[in-house]
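Each value in this text was obtained by applying a stated rule to the coordinates, not by laboratory testing. In this text the structure is predicted, and so the values were computed from the model without any measurement. Here the Cβ positions follow ideal geometry from the backbone for every residue, glycine too, while neighbour counts run over all protein chains shown.
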């Protein structure tokens, strides 16, 4: 095991996987609207979906998906439809005092976004290929899966908690509308950048 390679892998994963994207921005939006506790199933879904992407990258499935562009296009299309649906619900959410009557994003929605998030595939593949933690391919892949799974949890949980800091702005209907629309637009733009990248 090359312990000296873990630090650069952590920094690379923080910079690439931790940057704003569809999942992270949706976590900020969910926790700012529904609170951390009500958004936990969504967070767990995103973590599990993203971990599935990580396992697919480790198993080499990314290469197979790239060889069959139609499958990749279908996955991206599903992701875009879900993101647009989520952005609409974020943009039209009620001010914080009223929003607790609505349903928070679900585990299933989070898992779908985790798996269908185009940025996750690109970012995880880039990070996975960026370091070698062991000489043997299987040991290297297992070590990277372990380290990067931890980073997926830390990064997404941090974005979820950070979103809660917006809650005070969301008690005023005028400011809430501006924040919600801004988050929805940011989510759509992040998705567009990920799809076009």
Once both labels are modelled 7 Å past Cα along the beta-carbon direction, what's the residue 142-residue 74 spacing in nm? 3.3 nm
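Using Cβ counts within 10 Å as a stand-in for footprinting exposure, how do 42, 34 rank, fewest first?
Working: 42 28, 34 23.
The order, fewest Cβ neighbours first, is 34, 42.
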When 132, 103, 89 are ranked with the fewest other C-beta atoms within 10 Å first, the list becomes 103, 132, 89
Simple spin-label estimate for residue 11 and residue 59 in nanometres, 7 Å along Cα-Cβ: 3.3 nm
Can you compute the FRET efficiency between residue 67 and residue 181 using 1/(1 + (r/R0)^6), with r the Cβ-Cβ distance and R0 = 45 Å? Round to the nearest 0.05. 0.70
On the formula 1/(1 + (r/R0)^6), with r taken between the Cβ atoms of residue 85 and residue 129 and R0 of 30 Å, the FRET efficiency rounded to 0.05 is 0.40
Arranged by the count of other C-beta atoms within 10 angstrom, fewest first, what order do 128, 107 take? 107, 128
